[in-house]
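Report on the following structure.
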Amino acid sequence: MILPVIMSGGSGSRLWPLSRALHPKQFLALLNENTLLQETINRLDNSKCLNPLIICNNEHRFIVAEQLRTNNTVAGDIILEPMGKNTAPAITLAALAAVAKGDDPLLLVLAADHVIKDVAAFQQAVLDAKVFAAQGKLVTFGIVPTHAETGYGYIKQGAKHAGNEAIGFDVDSFVEKPNLTTAQTYLDSGEYLWNSGMFMFKASRYLEELAKFSPDMFAICTQSYEHKTQDLDFTRISADIFAQCPEDSVDYAVMEPLCKAEGSDAIVVPMNAGWSDVGSFSSLWEVSEKDENSNVNHGDVISHNTTNSYINAGHKLVTTVGIDNLVIVETKDALLVACKDQVQDVKTIVEKLKAQDRYEFKHQREVFRPWGKYDSLDFGERDQVKRITVNPGAKLSIQMHHHRAEHWIVVSGTASVTNGDKTFLVTENESTYIPLGQIHALENPGVLPLELIEVQTGSYLGEDDIVRFDDKYGRV
């Protein structure tokens, strides 16, 4: 059987302000009602695949778990990386987890943030790769290029292989992102494919080659996995040990040295499936449905004499007159206006936000938590208003605050409130007051979402003014 390994650690900084550090693009519904993570899972052939193994950032763990739940997906495991170390260590952890169970499955390594339009073509390429991976080959998927692209690395095809009607080629070499002239040469030759970052190989074969070419990485990943702990549905590896691991991509750590070795077992399988890594708003515009003026519109948009533009109105009416080739993205807390041919530079804006320690770098105004979400509606010097949604059966931690008091007004549903030594119900149109320094908790005992308005007042209103006494999600 095939074990899908879905790497969900990207930041998607070029899609800011939709994508944020704590809610990056793989968790966004950019093309339809499903997020990119959910779409990655949904295009798998379940009859040939085991439950997927997910690798994600520790800070994203509850978003992953919630999106799997709403997608009716049962994960084989969710491995938490203490810090990002690029793709090679992440895949190594997945391979170690696979062989630890006494099996040696074929790992199908996928990124959680790609778009693939032709699911049948994707599944056929996976079946082709399976033929070679079962023989002990290490397979990478190369995307059949549609134009001279300078934003992707390339794979040069070598000698052709055929087996049971599966088509693959030796990997001659991996090539860095070219300039436009070189990219056109690659396209004209017909010998080059885009490097997709997707792979298939036996878990044991990957570990064997990694130990040969990157022994330090193999040793440190092995030690960190051996010191793993279980936290709810998540597998935590040793952060102290993993911090010593070299940071490298699977291309550099394994595939490139492998294809240079005599009698190489590196194979590339071509894939022509409408693939995109949606690495920018221009690529998102390319893969989205357009109107008669080549515009992509999301939300409440009214345009006049507007062409070739991507307009995403998240929460307000957005109107345009006489523009061409622009990207306009409106969220609850930010607005981006950019030329479509310069959207790669959005990353520069994100770097400035990070340097200034701006809230907008990490968070959307709407913040997701394991128990639900909250939306910060208004800020003042000594007050803040939030709309809070608590999922059915969920409970916030037992906590207190040193610097603020809270007023809760229930809008819909029923709240079970612990306020000091009393626990009571608060229903629609009722309210309660939590004094500064009071130990308290909030729970939704019902089967429908609980919605309430929270008014905070005090000298300091930061999220770090929380002292937790007990938390069902293991937070401190």
Does the stretch 129-141 include one or more residues that are of a type in the set (D, E, K, R), closer than 23 Å to Lys48 by Cβ and open to solvent by less than 30 Å² (accessible area, probe 1.4 Å)? no
What do you reckon, is Glu454 touching a strand residue (DSSP E or B) at 6+ places or on another chain (Cβ under 9 Å) and part of a loop (DSSP other than H, G, I, E, B)? no
Of the conditions (1) open to solvent by 20 Å² or more (accessible area, probe 1.4 Å); (2) closer than 20 Å to Leu138 by Cα; (3) in contact with a Pro (Cβ under 7 Å, 6 or more places away or on another chain); (4) not polar (S, T, N, Q), Pro52 fails just one. Which one is it? (1)
Look at the stretch 389-398 and say how many of its residues are more than 25 Å from His315 (Cβ to Cβ), open to solvent by 20 Å² or more (accessible area, probe 1.4 Å) and either among the polar types (S, T, N, Q) or not in a strand (DSSP E or B) (or both). 3
Pair list, Cβ under 6 Å, 6 or more apart: the stretch 89-117 residue at negative phi, other residue polar (S, T, N, Q) and in a strand (DSSP E or B): Ala112/Ser8; Val115/Ser276
What about Ala121, is it buried (at least 19 other Cβ atoms within 10 Å of the Cβ), touching a residue at least 60 places away in the same chain (Cβ under 8 Å) and not in a loop (DSSP other than H, G, I, E, B)? no
Mind listing whichever residues of the stretch 361-392 are on the phi > 0 side of the Ramachandran plot and modelled with pLDDT of 95 or more? none
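One line per residue, one yes/no per condition, for (1) closer than 27 Å to His60 by Cβ; (2) surrounded by 12 or more Cβ atoms within 10 Å (Cβ to Cβ):
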site	(1), (2)
Arg387	yes, yes
Pro445	no, yes
Gly458	no, yes
Phe469	yes, no
Which residue pairs have Cβ atoms closer than 6 Å, lie 6 or more positions apart in sequence or on different chains, and pair a first residue in the stretch 228-256 that is closer than 26 Å to Gly197 by Cα and open to solvent by 50 Å² or more (accessible area, probe 1.4 Å) with a second residue that is charged (D, E, K, R) and outside any helix (DSSP H, G or I)? Glu247/Lys85
Of all residues in the stretch 168-206, which are of a type in the set (A, V, I, L, M) and surrounded by 15 or more Cβ atoms within 10 Å (Cβ to Cβ)? Val171, Val175, Ala183, Leu187, Leu193, Met198, Met200, Ala203
Which of the residues spanning the stretch 457-476 are hydroxyl-bearing (Ser, Thr, Tyr) and part of a loop (DSSP other than H, G, I, E, B)? Ser459, Tyr460, Tyr473
Residues (open to solvent by less than 30 Å² (accessible area, probe 1.4 Å) and free of Cβ contacts under 8 Å to residues at least 40 places away in the same chain) located in the stretch 142-152: Ala148
Tally up the residues in the stretch 321-337 that are open to solvent by 40 Å² or more (accessible area, probe 1.4 Å), acidic (Asp, Glu) and touching a His at 6+ places or on another chain (Cβ under 8 Å), please. 0
Test of understanding: among Leu31, Leu44, which residue is assigned to a loop (DSSP other than H, G, I, E, B), open to solvent by 50 Å² or more (accessible area, probe 1.4 Å), of a type outside the set (Asp, Glu) and over 29 Å from His227 (Cβ atoms)? Leu31
Of the residues that sit in the stretch 421-443 and are aliphatic (A, V, I, L, M) and outside any loop (DSSP other than H, G, I, E, B), which one is most open to solvent (accessible area, probe 1.4 Å)? Leu425
Can you spot a residue in the stretch 153-160 that is aromatic (Phe, Trp, Tyr), in contact (Cβ under 8 Å) with a residue 60 or more places away in the chain, closer than 22 Å to Asp118 by Cα and open to solvent by less than 60 Å² (accessible area, probe 1.4 Å)? no
Of the residues that sit in the stretch 347-368 and are in contact with a Phe, Trp or Tyr (Cβ under 6 Å, 6 or more places away or on another chain) and open to solvent by less than 90 Å² (accessible area, probe 1.4 Å), which one is farthest from Gly279 (Cα to Cα)? Val367
If Lys25 passes every condition in (1) closer than 19 Å to Met83 by Cβ; (2) open to solvent by less than 20 Å² (accessible area, probe 1.4 Å); (3) charged (D, E, K, R) but one, which one does it miss? (1)
If we only count helices (runs of 4 or more DSSP H) wholly inside the stretch 233-302, which ones have 1 or more residues that are at pLDDT 95 or above and more than 20 Å from Asn86 (Cα to Cα)? 281-287
Across the stretch 66-89, the tally of residues that are within 15 Å of Ile6 (Cα to Cα), open to solvent by 30 Å² or more (accessible area, probe 1.4 Å) and assigned to a helix (DSSP H, G or I) stands at 1
Odd one out for Ala405 among (1) over 34 Å from the mean Cα position of the chain (by Cα); (2) touching a residue at least 60 places away in the same chain (Cβ under 8 Å); (3) in a strand (DSSP E or B): (2)
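The values are calculated or read from the model by the stated rules, or taken from the named source; none is laboratory data. Remember, it's a predicted structure, so these values are computed and weren't measured experimentally. Backbone-built Cβ (ideal geometry, glycine too); neighbour counts: all protein chains shown. The accessibility values were calculated without ligands, DNA or RNA, using every heavy atom of the protein model including side chains. Shrake-Rupley method; radii C 1.70, N 1.55, O 1.52, S 1.80 Å.
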